[in-house]
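The values are calculated or read from the model by the stated rules, or taken from the named source; none is laboratory data. None of these values were measured; they are calculated from a predicted model. Counting neighbours? That spans all protein chains shown, and the Cβs are built from the backbone with ideal geometry, glycine included.
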Amino acid sequence: MKRLLYGIYALTLLAILAACGSANQTSSPNPAPVSEPIASFQQTTSSDQASSNPPSGSSDNVAALEAPLPPALADNSLSAQGDANRGKTIFASSCAACHSTSTNVVLGPGLAGLFSVEGPALPDGVDYKGLLPNGKERSEANVAEWIRKGGSGSIGYMPPMSLTDEQIADLMAYLRTLE
């Protein structure tokens, strides 16, 4: 039974990788290399961070919900350059086979709340302690790196995605809208 499940899992991953490969080939004639830094987007001004932090409320419950995000989560240096509508299209063609826009786990976690303090909902028994599967904090730059390089986590394998800087910015803008 275990072999059968592993076989189905392997075939599913191969199908997804094949689909991702064909989507990537049509997305841009000159995609950015996976190792290319996105330093132009990594500069954040204090006014960007200040404007992304909502004001505190009067009650304890409201204040807890509206507490400022930690600097890594508040950094919107990529998403501020992107367009959420284009990001939604990129998500549909490159990410939706493995991820939902809600808290439902498909092959990978649902991405609702990725940039919230609580983070995305993970399957039972999986706890990344608020970090990404590679152990790095959840920031736009680190999420972009995870998307571009891929890797393995407790849930499974994330294939590398060859997206341009503009596509990454658009995707980050869209991921910021998921609650």
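Miscellaneous remarks
- Some residue of region 153-166 being under 15 Å from Asp75 (Cα atoms) and in a helix (DSSP H, G or I): no
- Among residues of region 136-162 being of a type in the set (A, V, I, L, M, F, W, C) and more than 19 Å from Pro70 (Cα to Cα), the one that is farthest from the chain's Cα centre (by Cα) is Ile155.
- Verdict on Gly108 being surrounded by 19 or more Cβ atoms within 10 Å (Cβ to Cβ) and closer than 15 Å to Asp170 by Cα: no
- Ser139 among the hydroxyl-bearing types (Ser, Thr, Tyr) and crowded, with 16+ Cβ neighbours inside 10 Å: yes
- Unmet criterion (only one of (1) among the small types (Gly, Ala, Ser); (2) surrounded by fewer than 16 Cβ atoms within 10 Å (Cβ to Cβ); (3) part of a helix (DSSP H, G or I)) for Ala80: (2)
- For first residues located in region 99-128 and free of Cβ contacts under 8 Å to residues at least 24 places away in the same chain and part of a loop (DSSP other than H, G, I, E, B), partners that are surrounded by fewer than 15 Cβ atoms within 10 Å (Cβ to Cβ) and among the aliphatic types (A, V, I, L, M) and lie 6+ apart or on another chain with Cβ distances below 6 Å form the pairs Ser100/Val106.
- Enumeration of residues in region 142-157 that are at pLDDT below 95 and crowded, with 20+ Cβ neighbours inside 10 Å: none
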